[in-house]
Amino acid sequence: MIEQSHTASVLYNIEPMGVETGLLESFSSYLIRVAYEHNITVGHLINKIVIPEMNKEYLERSTIYGGNSFYEGAKTLNGFTDNTTKVIKVMEMLTSREDLANLTLCKLKGLFPIRNLLKESLAWCPNCIRNWMDNGKVIYYPLIWNLKSVNICFTHKRYLIEICPACNKKIDFLRRHMVPGYCPNCIKLLTQDPLNKEKDKLEMLWHTFVFQNTQSLLELDTSQLSLIINQDRVFKQLNLINEEIFLGNTSSFSKFTNIPKSTLRDWLKEGNLPTFNGILLICYKLNIKLLDFILQCPQKSASIFQFSNKVDDLNKEKINRIPLDVVAIENNLKEILLYDTPISMMEAAKILGRDRRVLYSHFPDYCKKISKRYSDFIKEKSSHRIQLLKEEINYAFYALINNEIYPSSGKIEKYLNRNGLLREKVLQDHWRGLITQSNFLVEGKKHFNDEFK
Ligand SMILES: [Zn+2]
Ligand SMILES: [Zn+2]
């Protein structure tokens, strides 16, 4: 039984997982792990150790922290509500640590609204959990998996799972009985992999951007960030983009980013705080890193100005050229160059919904590369095909000879069940070569049928 103490820490000082790896543990995961490491249930940790301490500090509101309300509030435990702050204070005291706020989104307070920031239930990558398990590593749930905008595991290039494949249920962030890596509903391991969702390449491009930019934001230390961050910055950056890049034309801004004009106007007028997902989308479309957007002083916002110069050239022609999504298309073309199976420029143009000639005139280098890659691929593929056919012909040729049948073109085609095969010049030449060579072999075998002359 763990005694409560006012002086020393009553819990071991357990190091959060994933510090400085970009996959920092979430606070709810930390609570589960602390309970696990102490060989007590999460219920015991919360009800017998954490809540009594909270009640001591906040006597006047003691009733709030009884019973189920703690678990009901656990959905936002990794966010930045007052409740989170209080639980963190208590846990920091109990474990003698000072860094637990980093395991939540406290650093984003005042920057983004909490609404829609966190998922409603646990999301996980079965490959990560399997990996840790196989390598005897500690199993935990990274904070980044909790964000609603984040849908992939970057390490495994796959979608996260949100429903236990064994029992078909969602998993709460915190339950009275919980062991890291196991579904609390059916007690099965979370390493099961249901049929992984088909990956859409363009969609993965977006998800990868979201993951990497969210990760770099979460890596920042809370104390560092709080010095520089205020919501004014987001509003200022948005207005700067609106003025500098879209020349104050909010309709163009809206069209370019696919964010409804009314929403955008509201953000520009500093009505509501822009959502995390909205800012990610704007950064993605403008090819700006999220950290640059947040941290750079508007006056020195190099990447934004860099981009605005690019657009200036287009502006000279016609302002309504902006909806060409210059940066987004460039990103798409780059992505197409990475496809496992190269595609033609014709197909690329179809995928992007743009005219091939327009693409060539704006992105000649990328288009040429795509085209070259495709034609190399086709050449290689066709030489591979020819090689395979030659081997088949060889096989048929010698099989016929062994059966003392003259290997005429007709007999070979019939043997391989490929009508007209030897009408292809390169294959016909190959066959002629075989005939010439094999005159040695068949010499003397005069009993070959009439074709052998
Ligand atoms: Zn993974
Ligand atoms: Zn389950």
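Selection of the stretch 112-146 for residues being among the hydrophobic types (A, V, I, L, M, F, W, C), crowded, with 17+ Cβ neighbours inside 10 Å and within 15 Å of ligand 1 (Cβ to nearest atom) yields L122, A123, W124, C125, C128, I129, W132, I139, L143, I144, W145. For the stretch 110-121, the count of residues that are of a type in the set (G, A, S) and in contact with a strand residue (DSSP E or B) (Cβ under 6 Å, 6 or more places away or on another chain) is zero. Looking at Y159, Y182, just one residue is within 21 Å of L31 (Cβ to Cβ) and hydroxyl-bearing (S, T, Y), and that residue is Y182.
Before we move on, is S408 surrounded by 12 or more Cβ atoms within 10 Å (Cβ to Cβ) and under 30 Å from V327 (Cα atoms)? Spelling it out, it is not the case that S408 is surrounded by 12 or more Cβ atoms within 10 Å (Cβ to Cβ) and under 30 Å from V327 (Cα atoms).
Residues in the stretch 120-141 include at least one that is under 13 Å from L23 (Cβ atoms), part of a strand (DSSP E or B) and within 16 Å of ligand 2 (Cβ to nearest atom). Of all the listed residues (K350, K372, K368, K334), the sole one being at pLDDT 85 or above and closer than 24 Å to W206 by Cβ is K334.
So Y159 ticks every box in (1) within 16 Å of ligand 1 (Cβ to nearest atom); (2) surrounded by fewer than 14 Cβ atoms within 10 Å (Cβ to Cβ) but one. Which box is left unticked? Checking Y159 against (1) within 16 Å of ligand 1 (Cβ to nearest atom); (2) surrounded by fewer than 14 Cβ atoms within 10 Å (Cβ to Cβ), the one that fails is (2). Taking the criterion of being more than 8 Å from ligand 2 (Cβ to nearest atom), surrounded by 15 or more Cβ atoms within 10 Å (Cβ to Cβ) and in a loop (DSSP other than H, G, I, E, B), the residues of the stretch 171-183 that qualify are D172, F173, L174, R175, R176, M178, V179, P180, G181.
Filtering the stretch 391-406 to residues that are within 56 Å of the chain's Cα centre (by Cα) and over 16 Å from L421 (Cβ atoms) leaves only Y398.
Within the stretch 184-198, if we keep just the residues that are of a type in the set (A, V, I, L, M) and in a loop (DSSP other than H, G, I, E, B), the residue that is farthest from ligand 2 (Cβ to nearest atom) turns out to be L195.
The values are calculated or read from the model by the stated rules, or taken from the named source; none is laboratory data. Being a predicted model, the structure only gives us computed values, none of them experimental. No Cβ is skipped: glycine too gets one built from the backbone with ideal geometry, and neighbour counts run over all protein chains shown.
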